[in-house]
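The values are calculated or read from the model by the stated rules, or taken from the named source; none is laboratory data. Small disclaimer: the values here were computed from a predicted structure and weren't measured. Cβ coordinates were reconstructed from backbone atoms using ideal geometry, including for glycine residues, and neighbour counts include every protein chain displayed. All accessible areas refer to the heavy atoms of the entire protein, side chains included, with ligands and DNA or RNA removed. Shrake-Rupley method; radii C 1.70, N 1.55, O 1.52, S 1.80 Å.
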Amino acid sequence: MSKKVVAIVGRPNVGKSTLFNALIGSNVAIVKDTPGVTRDRIYGEIDWAGRELVLIDTGGIEPKTDDYMLQRMREQALAAIELSDVILFITDVRQGVVDTDFRVADIIRKSNKKVVLVVNKVDSFEKYMPDVYEFYNLGIGEPYPVSSRGKLGLGDMLDKVVEDMPLLDNDENSEDEIPKIAVIGKPNVGKSSLINLLLNEERLIVSDIAGTTRDAIDSSVRYDKKEYLFIDTAGLRRKSKVKDDIERYSNFRTVASVKRSDVAVLLIDATEGITEQDAKIAGIVHEDGKGLIVAVNKWDAVEKDNSSVNKFTKDIERVLSFAPYAVVLFISVKTGQRVTKLFSLIDTVLDNCKMRVPTGVLNEVLSDAVAAVEPPHDKGRALRIYYMTQVAISPPTFVVFVNDKELMHFSYERYLENRLRDAFSFKGTSIRIITRSKKEEN
């Protein structure tokens, strides 16, 4: 089940960033009593009632303005609305319902998205509730009174947000879903061309102009009696090269596409080699725990010898040292060379992402690992490892119980990960190991 996107929108200076910060628990967004401070969307993730939500903080919507910055902020907010599954429409109880609120309500209503009307700055329900009822006049639905600064009423608001959303299921029940494959990479590396080849139709715009694909586009592909959903995304640029709001929107769209995918195919240009920007894009996949395939495109355009594949692979392993599990495939979208091998690799990576290891087998591997390399010592105290169990899939996540988790050194944790990979491969997926002291079990 993919994460749902919630856009926080409203006119300027109603407390959108304060609400965003209250929900994610940190001061990520700049908060200041000046309209227009939040110029770029900022996103964060929260869990609520068994659902994972991606929140987008936006600048204010001024429906009618000649101010250039306010126009750009409006465009960003509209982009966030288009991307979202749920809209949090924020208003201000102390200013009451104003004409701009009605105009924003008209814009939101046209989106046909689920909307939760939030009346902010209700620091006292007893004092302000009569004023809250005024917001029914917006025709959006029931107003939910909250105080972002005082963190009041947020639970009821979030309950409404996740109402009717299915529970996230990180178990076998989710395996019947169609696999979602995000095709990511820098601009102009052939992402749209790859999907067009798989579709065998010119469905996506293909151009030598970097950044042609502004939005993520979903395409259903059937191969060998299996169905796959490919998500084509705009190319990610360095932030220093992001010159307009549309590009910023495209960057977020790529991040959001990774979040709702099962496996990401990072397309790189063989004629350029693996770059620092490729590593940053791969880092997004790694941090999100998604499966990772590196597809080296334009392999037909490279002068090769017997060592070319090995050398290029070693370069990838060096630059993507944080993701040694990444699977590498050399392809040519232009000639179709080895492109269909993507499907078998995707299947393998998906299986590994969802692999469950029986506890008994897991602890046999753990026992052998401990016998081969003694756990670390610190100031006369030795790390004692009791047992390990798997608690989640996608990515496979293991909890190892020890006498004192402070004694678990990073290098030994990496050693245990390597032993797990030796035993079970986990090709194409990250592994997460959580260390807990035995007393934390209960």
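Give me the one-decimal nm value for the distance between modelled label points at PHE125 and ARG149, 7 Å along each residue's Cα-to-Cβ direction.
For the pair PHE125/ARG149, the computed spacing is 2.0 nm.
Take the Cα atoms of the range 319-442, find their three principal axes, and give me the spread along each one in whole Å, biggest first.
Computed over the Cα atoms, the extents are 62, 29, 23 Å.
Please give the length that would be gained between ASP368 and VAL302 if that part of the chain were fully extended, namely 0.36 nm times their separation in residues minus their C-alpha to C-alpha distance (nm, one decimal).
Gain on extension, ASP368 to VAL302, equals 19.3 nm.
DSSP loop chymotrypsin sites (Phe, Trp or Tyr not before Pro) in the range 254-328 with at most 16 other Cβ atoms within 10 Å of their Cβ, which ones?
Sites meeting the loop and neighbour criteria: PHE322.
Mind jotting down a quarter of the surface of the convex hull over the alpha carbons of the range 351-419, in square nanometres, one decimal? Could the numbers behind the result be given before it?
Numbers: hull surface 18.7 nm².
The orientation-averaged projected area of the Cα hull of the range 351-419 comes to 4.7 nm².
With 21 Å as the cut-off, how large is the P(r) tail for the range 247-317, expressed as percent of Cα-Cα pairs?
Value for the range 247-317 (Cα pairs over 21 Å): 32 percent.
Can you tally the lysine pairs in the range 324-442 where the Cα-Cα distance is under 22 Å and the two residues are eight or more apart, or on different chains?
8
Calculate the translational D of the range 315-368 in whole µm² s⁻¹ from Stokes-Einstein, where the hydrodynamic radius comes from the Kirkwood formula applied to all Cα pairs, the temperature is 25 °C and the viscosity 0.890 mPa s.
Values: Rh = 14.0 Å.
In µm²/s, the coefficient is 175.
Could you work out how much longer the chain between LYS427 and TYR136 gets when fully extended? Use 0.36 nm per residue separation minus the Cα distance between them, nm to one decimal.
99.4 nm
Based only on the alpha carbon positions, what is the Kirkwood hydrodynamic radius of the range 56-154, in angstrom?
Answer for the range 56-154: a Kirkwood hydrodynamic radius of 14.1 Å.
If amide hydrogens are placed 1.01 Å from N in the peptide plane, which non-local residues have theirs closer than 5 Å to the one on ALA392?
THR397
For the range 359-442, give the percent of accessible area contributed by carbon and sulfur heavy atoms, probe 1.4 Å, rounded to a whole number.
Carbon plus sulfur share of accessible area: 46 percent.
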